[in-house]
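The values are calculated or read from the model by the stated rules, or taken from the named source; none is laboratory data. Every value quoted in this text rests on a predicted model; they were computed, and no experiment measured them. FYI the Cβ positions are ideal-geometry reconstructions off the backbone, even for glycines, and counts take in every protein chain you see. Accessible surface areas use protein heavy atoms only, side chains included; no ligands, DNA or RNA. Shrake-Rupley method; radii C 1.70, N 1.55, O 1.52, S 1.80 Å.
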Amino acid sequence: MKIIATFFLAAVSMVALATGCSSAKSDQALTTDIQSKMFADPQVKASNITVTVKDGEATISGDVPSEGAHLQAYKIASETPGVKHVVDQVTMQAAQLAPEPQAAPVAPQPAAKPRHAAVKPARKTEKHEKPQPKATLRAAKAEPEPAYAPPPPASAPPAPEMPPAQPVPAAAPAPPPPPQPVRVEIPAGTSLRVQMIDPVDSSVNHTGDTFHASLASPIVVDGQVVVPAGTNMYLKLSNAKSAGHISGKSELALELTRMEFQGKSYSLATSDYTQSGASRGKRTAETVGGGAVIGTLLGAVIGGGKGAAIGAATGAGAGGVVQGVTKGEQVKIASETKLDFSLEQPVEVSYFPGKNRSLPQ
């Protein structure tokens, strides 16, 4: 028993490991597919976008130069087969601010050097001059010599006038954040009214044929228009039965299968719309039976019992020929006919409210 349990646990571990590897490989394949599509798109290839996928949920991040590139990148990721949901983290590239002008530096002026008066040396007494009397010399020595007064310092040159400060340009306002898609679930039981564009004829069309229609009334959830009128809808003929030559009636059964909305396709599961033509079975019986009765009466008058049997067979055959050229009523649904359906399973849609406008029908 222990050996069997050990072998069973090992098998379960190998299956789990294989499942994890398959999931990781699927996510890697989705990432490569989305990145290759963005690189091939002329509107998105210049953007700086990073793509990661985990368990079928794709996350796009980075920055784009325009709103058109943003919407195109989101569309590529969401429309890639296998992607369940897209997390949008892409931002717009902000405008670069111009650098503030700086004032030119002012070179410092060299300090002015003080000017000193040149002191002249005392003149020597020439030999031929007569010496002055001693009294005169004493008086001259007694007189105080004038004190030396330095010249006033030179005034510093006036400082150059500074140029007026230039006004600093105001920073450009940040661009508004890109619009984010809104996710809403349309609950089961919601009524869907469509208007046919393609006609349907039970004598021409067959089971499996598809037909084009448009949404006649908008789909409203919690008081908000989620899907506008005019949205493209597609129907499939699930049952087509044409009336026979002798008896029976024509029948048609249509069901809504798909909705195209803001570049995405959504599968729908709805109730069937059925329509039947009038049956000719009762009229066939009356015509054949009446022919047989008349034939019997004529045969009896003409040839007795044997003539009655021949007349009955002849009358029944004539009645069958009359009904053979009379078919049952065929079912036709003309263009612009409005049909009502009911949603049997909820549908989650993702849309941009700014683009949610009713389309011409």
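Against the condition part of a loop (DSSP other than H, G, I, E, B), open to solvent by 50 Å² or more (accessible area, probe 1.4 Å), of a type outside the set (A, V, I, L, M) and at pLDDT 85 or above, how does residue 217 come out, does it pass? Taking the combined requirement at face value, the residue satisfies it. Taking each residue of the range 329-346 that is at pLDDT below 90 and looking for partners that are open to solvent by 50 Å² or more (accessible area, probe 1.4 Å) and in a strand (DSSP E or B) with beta-carbon atoms closer than 7 Å, six or more apart or interchain, yields 331/251; 331/275; 331/276. Evaluation of residue 50 against the conditions (1) assigned to a strand (DSSP E or B); (2) surrounded by 13 or more Cβ atoms within 10 Å (Cβ to Cβ) shows that the sole unmet condition is (2). Scanning the range 75-95 for residues that are over 16 Å from residue 266 (Cβ atoms) and among the aliphatic types (A, V, I, L, M) yields 76, 77, 87, 90, 92, 94, 95. Going through (1) closer than 21 Å to residue 355 by Cβ; (2) among the β-branched types (Val, Ile, Thr); (3) in a loop (DSSP other than H, G, I, E, B) one by one, residue 168 falls short only on (1). The set of residues in the range 166-196 being surrounded by fewer than 17 Cβ atoms within 10 Å (Cβ to Cβ), hydrophobic (A, V, I, L, M, F, W, C) and over 27 Å from the mean Cα position of the chain (by Cα) consists of 168, 170, 171, 172.
Only one residue in 56, 62 is farther than 18 Å from residue 93 by Cα and open to solvent by less than 30 Å² (accessible area, probe 1.4 Å), so which one is that? Of the residues listed, the single one that is farther than 18 Å from residue 93 by Cα and open to solvent by less than 30 Å² (accessible area, probe 1.4 Å) is 56.
For residue 238, the criteria (1) within 26 Å of residue 78 (Cα to Cα); (2) open to solvent by 30 Å² or more (accessible area, probe 1.4 Å); (3) among the small types (Gly, Ala, Ser); (4) in a strand (DSSP E or B) hold in every case but one, which is (1).
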